[in-house]
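Here is the structure we will look at.
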Amino acid sequence: MNEHDPQIIDYMLTFMYTGSYMVDVTKFSPNGREPTDEEVYSIMGRELLLHTDVYMLAEEKDVPALKRLASQQYEAALAGGWNSAEFITSLRHIHEGTPENDRLLWNLAVAFASKNVKDLLKREDFIALCKEKAEIGFEILRAYVELKSRPQPNIHLPPGCPVFGALHHQYINLTGADVPETFFCAACRMTFG
């Protein structure tokens, strides 16, 4: 265990005793002020990297339940952290650090990258990664083509969450037959309507 970050080991041990672990993103926030849009992406991006590291430790130590939880936590953090240097780094780590037959976290990252590829192509670090690791670029291209060939549902989404506005644009519609229109922002994890 000496080669692993003590924080990641702590998350694994917490999971072993409680069945879960939680990343406190408030410790990444700038002190005493509202974070800028870029800082929010970076804060959530750090969370992505932590979940990536937890996932890879769980793979190494053969803890499938922790891998599932880390992938779920990673997926939840994607909405707020995909447009960050940390997301690009997580793509590299997942590609290089997981076996070829282990696609759980890889498929999540690639699918999300394909949905946001137009914006990611504005990032020099993403372009450099795709040039260096052609397999990553090819996987994202394939997922993008598959995404565009599927019929797209017409879903009504609000312009943004009340906390971060348009920055947070990935929502889960919680509206049921007898429930007023309600949404859950996957980035700040708040419900609003």
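The values are calculated or read from the model by the stated rules, or taken from the named source; none is laboratory data. No experiment lies behind these values; they were computed from the predicted model shown. We place every Cβ from the backbone using ideal geometry, glycine too, and count neighbours over all the protein chains shown.
Looking across segment 122-154, the residues that are part of a loop (DSSP other than H, G, I, E, B), basic (Lys, Arg) and without any contact (Cβ under 8 Å) to a residue 40 or more places away in the chain come down to Lys122, Arg150. If the condition is being crowded, with 24+ Cβ neighbours inside 10 Å and within 26 Å of Ile127 (Cβ to Cβ), then segment 54-83 contributes Tyr55, Tyr74, Ala77, Leu78, Gly80, Gly81, Trp82. Scanning segment 79-102 for residues that are outside any helix (DSSP H, G or I) and under 14 Å from Glu47 (Cα atoms) yields Trp82, Asn83, Ser84. Any residue that is assigned to a helix (DSSP H, G or I), touching a residue at least 12 places away in the same chain (Cβ under 8 Å) and closer than 20 Å to Phe87 by Cβ - is there at least one of those in segment 16-28? Yes, segment 16-28 contains a residue that is assigned to a helix (DSSP H, G or I), touching a residue at least 12 places away in the same chain (Cβ under 8 Å) and closer than 20 Å to Phe87 by Cβ.
This table checks each residue for (1) β-branched (Val, Ile, Thr); (2) at pLDDT below 95; (3) assigned to a loop (DSSP other than H, G, I, E, B); (4) touching a His at 6+ places or on another chain (Cβ under 7 Å).
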{"residue": "Glu38", "(1), (2), (3), (4)": "no, yes, no, no"}
{"residue": "Arg46", "(1), (2), (3), (4)": "no, yes, no, no"}
{"residue": "Ala58", "(1), (2), (3), (4)": "no, no, no, no"}
{"residue": "Ala77", "(1), (2), (3), (4)": "no, yes, no, yes"}
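Given the structure, is Val54 modelled with pLDDT of 95 or more, in a helix (DSSP H, G or I) and of a type outside the set (Phe, Trp, Tyr)? Yes, satisfied. Once segment 60-75 is narrowed to residues that are part of a helix (DSSP H, G or I) and either among the charged types (D, E, K, R) or at pLDDT below 90 (or both), the residue that is farthest from Phe15 (Cα to Cα) is Glu75. Within segment 1-36, if we keep just the residues that are farther than 19 Å from Ala76 by Cβ and of a type in the set (Asp, Glu), the residue that is surrounded by the fewest Cβ atoms within 10 Å (Cβ to Cβ) turns out to be Glu3.
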